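Below you'll find the structure, written out as structure tokens, and then a few comments.
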Amino acid sequence: MTFGMVTADISSIALRRRCRGVRHSRLWWLWLTVGTLATGSYYLLPEGGMGRNVVYQAIGLASALFIVLAVRLHRPPHPAMWYWFAAAEAIWFVADIIFEYYQYTEVEAPYPSEADALYLLGYPMIFVALQRVAHRNGNGGRDVAGLVDATILATGLGLVFWVVMMEPLAADSTAPMLERLVSVAYPAADVLLLALLARLAFGVASWTPTMRLLAVGVVLLLIGDTGYSLLDLYTDSDGTYLDAMFLLSYVTWGAAALHPSMCPPAAVARAESRMTAGRILLLGTSSLLGPVLLLVPRIGGNIRDRSAIGIGAIVLFLLVLLRMSGFVGQVQRQARQLADMAMRDDLTGLANRRRFERDLGRALRRGDRPVVALVGLTGFKSVNDQLGHAVGDQLLVSVGRRLSAGVDPRALVARMGSDEFAILIGDATPESAATLVETITAALHDAFHVGGHELLINGSIGMAEATDATTAMELFRRADIAMYAAKTSGESCRWYTAELDQLAGEEARLGAELRTALDAGQFRLVYQPIVELPHGHIKAVETLVRWDHPERGFISPAEFIPVAERNGLIMELGAWILREACQQASRWRAELGDLAPERISVNASARQLAHRGFAALVASALKDSGLSATSLTIEVTETAVFEGGQAVDTLHRLHDLGVRIALDDFGTGHSSLGLLQTVPVDVLKVDKSFVDTITMAGRHAVIATALIQVADGLGLTAVAEGVETAEQAAELERLGYRLAQGFYFGRPEAQPDFTRDRGAAVGPATA
């Protein structure tokens, strides 16, 4: 656990303690209900009576007290804004008492009076409170666009207020100057309230119940203020029914404070100033209010109105211009961000294929001498299969960082997809190209420490230079062919040459002919004996495939098996070999009885083992042929199962069926002894390289001796491969080997002679 996590937990606990009682409070609902009913009862009492005044004052005072109570109850992290609301309501409560006092003691209440001073004093407090709400729950001063939008809306509506209320009040020469100033101050305060409300609306993305109640209270106050001003200016009505607006604004503010969502107010999501359709419509309407007002005859003939509207129109134009410049800047920033994202790999943060091809094309068009290095990781699939994709992703990130840190800063490192990386030197020299190969090799040399694991990853590097390549795709294709050649040959790096294209073309042609050969039945099977030492009795046979091409003649399996492995035809070819071998073994059993070989071996490639359906294919071949599972041996190379994963799972499934597993070419792979712990092996086939020198004195026979001891110690069967002389056979028998195969005992044949022994030259056992 990090220090940041501990701090966050402590802060969370403290916040919950400060907001105690939040989840269980229902006072807001109770107050909202009681306050609304009290407002209704206000109109049931006699007009002008003391009862109405008591209800009015009680609602105002109770609301202020409930706000203070809510702060004490919920303990919000920023209580000042709520105290400003409470202070405003308390001042208005006092102003209401003074106003009622004048109503009862004077024939005509003075205007303006101390009550008006207190009423107007409350507005700055509401302004401060709303400004704190906008700052805590929005983007604060950073949202310039939201501030401009609110100013546009307030300016447009402010022009309407000026024309409808403020200018007529200010132009009334029959009233004293102080009276006119106070009369104009009320709608002016309303315009500022509108601006703050718009600021809040544009700055908050997710509105909590507390936020909604606060906004409703402000709207009710605006309706009441505006209504009274209009009635006083244009009618003789006393506007008593508008008292409900003020009372309900008190009630909703108190409910907003009591609601649990008031704590903490900073939890509200912040809005992005996006130009939505509704926002554009609102701002467009606001900016057009000035010109529309000029169309009203009375306004067009008033010099003060025209001046105010002209000034307002100029302000609106400048604000809209500022907003549009900000909007254009925002679009440009987002476009740059999108362009950067489109050219960047999501996982590693490196350039992606699109960016690599673009920069490579630019280098070619400039006439530079670009060099492309394509790196394919070896063993990455096993990391994903054995350790999970999360570790695999971390490994890719680490490889990308190491490559980026090692190459020249001017070179471009990109992830091309999966486990392939590419590096581009825009204008290379022979020295810089050679250095690049050394850098890549060094970057992959040391182990990667990822997810608590120490991982060794190799890479095959394909290099291509723009000698006569004219397009980025062509140069990249050449690097891809070179990398593929390096991977096939086992080299760490290959440079592209024209011969690689010829080889690739030959492979493509051979792959096409493989398809024809499968359909035309050009393949045949032969079987090489596996004999018992020393007498040479055939114990088993290994199945081998031969291709008799109608035009080329015999084609070695060393040529066509790798091609079939790479283009996927090995799946179909391997299935045919397996089924034919099982059928042949079953026929031998039926025709020869005890003379038939006990077991038949069939080779399986890495691609076959990686297929989830291979075990089911083997089971089906056994069932169709009637051959028992114990009579079949599947031979696999160490490299086919070295990466683990699905290949090892397949072998376990085969072993569970009763099929024997033979590890071919044992001793030549990466970690032969380690495989014996993970792979369900029954047979070790000792590689020919250890048999060739077994008759030589000294250390040459040590490995062959050790391998038979390993097999005996683990209860496995050892088969010596590639026996070509009687001396080799005799020495193997002396060391303890009981099974062997090779040209000395017989070459692969379609129908071996099982009636004769193959080891007369071995002589009697000497051990």
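The values are calculated or read from the model by the stated rules, or taken from the named source; none is laboratory data. All values derive from a computational prediction rather than experimental measurement. With ideal geometry, Cβ positions are generated from the backbone for all residues, glycine too; neighbour counts draw on all protein chains shown.
May I ask you to say which residue of Asp359, Asp385 is in a helix (DSSP H, G or I) and at pLDDT 90 or above? Walk me through it before giving the result.
Numbers: Asp385 fails: at pLDDT 90 or above.
Unique residue meeting the criteria: Asp359.
For residues that are among the acidic types (Asp, Glu) and more than 48 Å from the chain's Cα centre (by Cα), scanning just the range 543-573, find the one that is farthest from Pro597 (Cα to Cα).
Pass one, the range 543-573, residues among the acidic types (Asp, Glu): 548, 551, 559, 565, 572.
Filter again for more than 48 Å from the chain's Cα centre (by Cα), leaving 548, 551.
Working: Asp548: 26, Glu551: 35 Å.
Among those residues, the one meeting the criterion is Glu551.
Residues checked against (1) over 33 Å from the mean Cα position of the chain (by Cα); (2) at pLDDT 90 or above; (3) surrounded by fewer than 18 Cβ atoms within 10 Å (Cβ to Cβ):
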{"site": "Thr226", "(1), (2), (3)": "yes, no, no"}
{"site": "Leu231", "(1), (2), (3)": "yes, no, yes"}
{"site": "Thr235", "(1), (2), (3)": "yes, no, yes"}
{"site": "Tyr250", "(1), (2), (3)": "yes, yes, no"}
{"site": "Ser273", "(1), (2), (3)": "no, no, no"}
Quiz item: How many of the residues making up the range 462-494 are under 33 Å from the mean Cα position of the chain (by Cα) and β-branched (Val, Ile, Thr)?
Solution: 2
Quiz item: Within the range 585-665, which helices (runs of 4 or more DSSP H) (wholly inside it) include 3 or more residues that are closer than 18 Å to Val526 by Cα and over 46 Å from the mean Cα position of the chain (by Cα)?
Solution: none
Practice problem: Determine which single condition Pro176 fails, assuming it passes every other condition in (1) outside the structural domain of Met262 (by TED's automatic domain parsing); (2) surrounded by fewer than 17 Cβ atoms within 10 Å (Cβ to Cβ); (3) in contact (Cβ under 8 Å) with a residue 40 or more places away in the chain. | Solution: (3)
Exercise. Quick one: count up the residues across the range 1-54 that are of a type outside the set (Lys, Arg), farther than 30 Å from Phe99 by Cβ and modelled with pLDDT under 85.
Key: 20
Quiz item: Out of all the residues in the range 503-510, is one or more of a type in the set (Lys, Arg) and surrounded by fewer than 14 Cβ atoms within 10 Å (Cβ to Cβ)?
Solution: yes
Quiz item: Which condition breaks for Gln502 when tested against (1) touching a helix residue (DSSP H, G or I) at 6+ places or on another chain (Cβ under 9 Å); (2) outside the structural domain of Val383 (by TED's automatic domain parsing)?
Solution: (1)
Quiz item: Is the range 88-105 home to any residue that is at pLDDT below 90, of a type in the set (Asp, Glu) and in the same structural domain as Thr252 (by TED's automatic domain parsing)?
Solution: yes
Quiz prompt | Residue check, Ala442 modelled with pLDDT of 85 or more and surrounded by 17 or more Cβ atoms within 10 Å (Cβ to Cβ) | solution = no
Practice problem: Hey, could you check the range 367-395 for residues that are crowded, with 19+ Cβ neighbours inside 10 Å, of a type in the set (A, V, I, L, M, F, W, C) and in contact with a strand residue (DSSP E or B) (Cβ under 7 Å, 6 or more places away or on another chain) and say which is farthest from Ala606 (Cα to Cα)? | Solution: Val371
Quiz item: With (1) closer than 27 Å to Val144 by Cα; (2) surrounded by fewer than 21 Cβ atoms within 10 Å (Cβ to Cβ); (3) not basic (Lys, Arg) as the list, and Ala198 as the residue in question, which single condition is left unmet?
Solution: (2)
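For the range 585-622, name all the residues that are of a type in the set (Lys, Arg), closer than 29 Å to Asn567 by Cα and surrounded by fewer than 18 Cβ atoms within 10 Å (Cβ to Cβ). Even if it seems obvious, please write down each step before you answer.
If we filter the range 585-622 for residues that are of a type in the set (Lys, Arg), which is where we start, we get 587, 589, 599, 607, 612.
Checking which are closer than 29 Å to Asn567 by Cα leaves us with 607, 612.
Once the filter is applied, which keeps residues that are of a type in the set (Lys, Arg), closer than 29 Å to Asn567 by Cα and surrounded by fewer than 18 Cβ atoms within 10 Å (Cβ to Cβ), the range 585-622 yields only Arg612.
Every residue, every condition in (1) buried (at least 21 other Cβ atoms within 10 Å of the Cβ); (2) acidic (Asp, Glu); (3) under 26 Å from the mean Cα position of the chain (by Cα), yes or no:
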residue	(1), (2), (3)
Arg365	no, no, no
Leu403	yes, no, yes
Asp408	no, yes, no
Gly417	no, no, yes
Exercise. Within the range 727-761, track down each residue that is more than 16 Å from Phe690 (Cα to Cα) and small (Gly, Ala, Ser).
Key: Gly746, Ala750, Gly759, Ala760, Ala761
Quiz item: Hey, among Val144, Val148, which residue is within 30 Å of Phe202 (Cβ to Cβ), of a type in the set (A, V, I, L, M), surrounded by fewer than 19 Cβ atoms within 10 Å (Cβ to Cβ) and within 51 Å of the chain's Cα centre (by Cα)?
Solution: Val144
Exercise. Write out, first by first residue and then by second, each pair whose Cβ atoms fall under 7 Å of each other, whose residues are 6+ apart or on separate chains, and whose first residue, in the range 70-82, is assigned by TED's automatic domain parsing to the domain that holds Phe127 and surrounded by 20 or more Cβ atoms within 10 Å (Cβ to Cβ) while the second is in a loop (DSSP other than H, G, I, E, B) and of a type in the set (Ser, Thr, Tyr).
Key: Leu73/Ser25
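It is to be established whether one or more residues within the range 678-691 are more than 30 Å from Gln608 (Cα to Cα), more than 49 Å from the chain's Cα centre (by Cα) and either surrounded by fewer than 22 Cβ atoms within 10 Å (Cβ to Cβ) or at pLDDT 90 or above (or both). Spell out how you get there, then give the answer.
First pass over the range 678-691, keeping only residues more than 30 Å from Gln608 (Cα to Cα): none.
Scanning the range 678-691 turns up no residue that is more than 30 Å from Gln608 (Cα to Cα), more than 49 Å from the chain's Cα centre (by Cα) and either surrounded by fewer than 22 Cβ atoms within 10 Å (Cβ to Cβ) or at pLDDT 90 or above (or both).
Does the range 290-299 include one or more residues that are surrounded by fewer than 22 Cβ atoms within 10 Å (Cβ to Cβ), of a type outside the set (Phe, Trp, Tyr) and at pLDDT 70 or above?
To start, the set of residues in the range 290-299 that are surrounded by fewer than 22 Cβ atoms within 10 Å (Cβ to Cβ) comprises 291-292, 294-299.
Of the ones still in play, those that are also of a type outside the set (Phe, Trp, Tyr) are 291-292, 294-299.
Going one step further and asking which of them are at pLDDT 70 or above, we end up with 291-292.
Looking for residues that are surrounded by fewer than 22 Cβ atoms within 10 Å (Cβ to Cβ), of a type outside the set (Phe, Trp, Tyr) and at pLDDT 70 or above, one finds at least one in the range 290-299, hence yes.
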Practice problem: Show the residue pairs that are 6+ apart or on different chains and have beta-carbon atoms under 7 Å apart, the first residue being within the range 431-447 and assigned by TED's automatic domain parsing to the domain that holds Val397, the second being in a helix (DSSP H, G or I). | Solution: Thr439/Gly406; Ile440/Leu403; Ala442/Gly406; Ala443/Arg402; Ala443/Leu403; Ala443/Gly406
